[in-house]
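Taking it in order: structure first as structure tokens, then the write-up.
Each reported figure results from applying straightforward, stated rules to the coordinates on display, with no laboratory input. All values derive from a computational prediction rather than experimental measurement. Glycine gets a Cβ as well: all are built from the backbone with ideal geometry, and neighbour counts include every protein chain shown.
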């Protein structure tokens, strides 16, 4: 039962990164892709109907941890207190920038919210990428099974570790590149005119950086966290994740054929493959330690078996409801968000 919930948690997190990832990518690319106020409004319209629905998967991930792995949630909230507070403020600022920008037709007003949209999107991607780096590297648990991660210590991935070091920053950089390309592919597909053209040009430039970044991040992760190699040795079938990861190679081919939707979906498969490969390589660890023999596993962090069984009866119908609602919302989107559309949001 705990393995089922581990897969459900990985699915919810992957769905969040894929879906909220493209609108975060739109935010961090906004200064380069939108030159006029009309183009900026076009950018906001491309994510306006879906950004808050995409964040449902972040809530679903937190709810899954609360139900299935409460010790992981409690330990993580206290240990990563400072980064989590930063994430909450950035999520708030980003939401306000999307919702308030069009409320007042004043250049200074819109400039402030445009800047906050960019800064909050960029920092969220960096923090989420660093969070993945912390999970891959491990944290410094004490004898009581607790930890506290300052923002940084020596910038080395060895005790005493902080939330930021050179390894977590490399993972954050790779996440930023991958999410930027993801957002560019969304805009190339869903917008028209100059925004779509610029997004396509930027996606072409980011492809090689994303490909190299994925390779470098994988090699560094295997060298920093030996449990990943142990997981691959124990479960060699995890290497099957190389197939979805390699979907990134299809992106330029599909774009040259004019299949922008398929290129975006290939990016989705690539990002999901990377996350599942990392999760399955770490299994059964949820949050490893920087030293051997410590950390949280699916067994040590799980709730009571009865709770896991009953929770499954509620989680699966809720998942189906979310999928149906999101399918309906995405089905109502126009084929292209036109720059000539006067709708502000």
Here the gain from full extension of residue 108 to residue 257, 0.36 nm per residue of separation minus their alpha-carbon distance, amounts to 49.5 nm
Using alpha-carbon coordinates alone, the radius of gyration and Dmax of segment 193-305 in Å work out to 17.8, 56
For segment 96-151, one quarter of the surface area of the C-alpha convex hull, expressed in nm², comes to 5.3
Across 106, 37, 20, the residue with the highest GNM fluctuation in the chain (Cα network, 10 Å cutoff) is 106
Once residue 223 and residue 4 are pulled to full extension, the length gained, defined as 0.36 nm per residue separation minus their Cα-Cα distance, is 76.0 nm
What helix-only [θ] at 222 nm does the chain give? Using -39500 (n - 2.57) per DSSP H run of at least 4, over all residues, to the nearest 500, the answer is -24500 deg cm²/dmol
Expected unfolding gain across residue 208-residue 91 under the 0.36 nm per residue rule, minus the alpha-carbon gap, is 39.2 nm
Between residue 235 and residue 320, the two model label points (7 Å from Cα along the beta-carbon direction) sit apart by a distance in nm of 2.7
Using the Kirkwood formula on alpha carbons, the hydrodynamic radius of segment 38-130 in angstrom works out to 14.8
Listed with the fewest Cβ neighbours within 10 Å leading, 18, 4, 171 appear as 4, 18, 171
Semi-axes a, b, c in Å (a largest) for segment 137-272, each sqrt of 5 times a Cα gyration tensor eigenvalue, come to 34, 19, 11
Taking segment 50-96, the whole-percent share of alpha-carbon pairs separated by over 11 angstrom is 71
The rounded separation in angstrom of the Cα centers of segment 54-69 and segment 260-285 is 18
Dimensionless Rg/Rh of the chain, both radii on Cα and Rh by Kirkwood, sits at 0.97
Relative contact order of segment 130-245 (C-alpha contacts under 8 Å, at least 6 apart) in percent is 20
Kirkwood Rh for segment 289-345 from C-alpha pairs, in Å, is 16.2
Per the 1/(1 + (r/R0)^6) rule, R0 = 41 Å and r from the Cβ atoms of residue 330 and residue 143, FRET efficiency to 0.05 is 0.25
When the chain is treated as a Gaussian network with springs between alpha carbons less than 10 Å apart, the largest mean-square fluctuation among 197, 235, 137 is found at 235
